[in-house]
Amino acid sequence: MATRALAKYFDVAIGSDAGESMIRVAEELSGGETGGEMAAKIRWVVCPAEEVDEGIDGVDIGSVDLVSAAYAVSYCSFVFDFFCVYVLCLGFWLF
């Protein structure tokens, strides 16, 4: 969904997710095959984040203006989530 929000600032936006079902939902929410300005700007790709440098064809080196990882923390374990909250929120109070 972050791809949809950022697409208005770029000529082309590429959204990726490891799950094919998530890509289908994203396509539907942005106009899908039926068109629309948003659908014309976004290319959806099934690709895990850790393989994005090899999994997206047609992206030349030096042609990308922004890379964003949205909602990535939701895939982390509870221990990591707790650590992030402690460091990012409480850590500011310690320093």
- Task: Search region 40-62 for residues that are of a type in the set (D, E, K, R) and pair each with any residue that is surrounded by 15 or more Cβ atoms within 10 Å (Cβ to Cβ) when their beta-carbon atoms are under 6 Å apart and the residues are at least 6 apart or on different chains.
- Result: K41/A7; K41/A13; R43/I14
- Message: For region 31-42, give me the residue count where each residue is surrounded by 14 or more Cβ atoms within 10 Å (Cβ to Cβ) and either under 14 Å from the mean Cα position of the chain (by Cα) or among the β-branched types (V, I, T) (or both).
- Response: 1
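We did not get these values from a lab; they are worked out from the coordinates using the rules stated. Since we're looking at a predicted model, the values are computed, not measured. Quick reminder, even Gly has a Cβ in these numbers, built from the backbone with ideal geometry, and neighbours come from all protein chains shown.
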